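Computed from the coordinates by the stated procedures, all read-outs in this text should not be read as laboratory data. As the structure is a prediction and not an experimental result, all values here were calculated from the model. In this analysis, Cβ positions are derived from the backbone assuming ideal geometry, glycine residues included, and neighbour counts consider all displayed protein chains.
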Amino acid sequence: MKRRTFIKTTSASSLACTIPPVFSQFDYPDYSTDELMGKEVIDLFGDGINLRKEAYESFVEMKKAAYSDGFDIKMVSSYRDFYHQATIWERKYLRFTDDDGMEPLPAIDKIIEYSTIPGTSRHHWGTDIDIIDGYPKVSGDVLVPEKFEKGGPFENFKLWLDENSEKFGFYLVYTNESKRRGFKYEPWHYSYAPISIPMLTAYRKLNILRLLQKEEFLGSEHFTTGFIRTYIQDNILDINPTLL
Ligand SMILES: [Zn+2]
């Protein structure tokens, strides 16, 4: 990733702060706990895009480049706040426990194969996107790994992303690395690194354990200290190492 991009982003998003020209972890802007947990109203840019300004601008550049190579990048999901994530979480929790008769802990384990605990989603940050190619005709769910693999409708789009997304600052988060734990491979989920790296750095300084234990959505009463510690280690931190 180009250092120039980092410096530009940092100075632009810090407004009143004086940012020295040399970039270090101490130059990161401050993010509030509510902002990091998706509970604060933040400025989002782009109709149907909904990203922080610099991420939005870079996304538009990537979309243009993809378009000239024959792909129509379609946003499936971008910013999502805490309350939206809580709705997703509770809907799944009820389906697995009430409808399917699962015990709370196995139900929670099943939810966190693909969905985050509210307050821990990278989609809360306005930096992360789930994208597909709008051109191929696709039936059923679009966000399934097979559709991005050999013979799938997004095979060529994924190859294009492998080749080009990082030039625009967008990095795959949940990679296909076999030793990786936490969330399963998500070939559609990219993160705008120049902002999400400092946000993750700030996030890691929070007492996530204590914050989650204070929450009161369905199932949260079953979160043990050990469970949350493992979740932080595996689901929040076992990602593409470039994004740490
Ligand atoms: Zn995602």
What aspartates and glutamates does residue 74 reach when the alpha-carbon gap must be under 13 Å and sequence neighbours fewer than 8 apart in one chain are set aside?
47, 130, 133
Aspartates and glutamates with Cα under 19 Å of residue 205, excluding same-chain neighbours fewer than 8 positions away
27, 30, 34, 35, 40, 215, 234, 238
For region 3-243, what does the convex hull of the Cα positions come to per residue, in cubic angstrom?
138
Report the semi-axes of the equivalent ellipsoid for region 88-161 in whole Å, largest first, where each axis is √(5λ) for an eigenvalue λ of the Cα gyration tensor.
29, 17, 10
What ranking of 147, 184 emerges when the number of other C-beta atoms within 10 Å of each C-beta is taken as an exposure proxy, fewest first?
184, 147
Theoretical ellipticity at 222 nm over the chain - DSSP helices of four or more residues, -39500 (n - 2.57) apiece, nearest 500:
-10500 deg cm²/dmol
Could you please rank 129, 112, 239, placing first whichever residue has the fewest other Cβ atoms within 10 Å of its Cβ?
112, 239, 129
Of 158, 110, how do they rank once you tally other Cβ atoms within 10 Å and put the fewest first?
110, 158
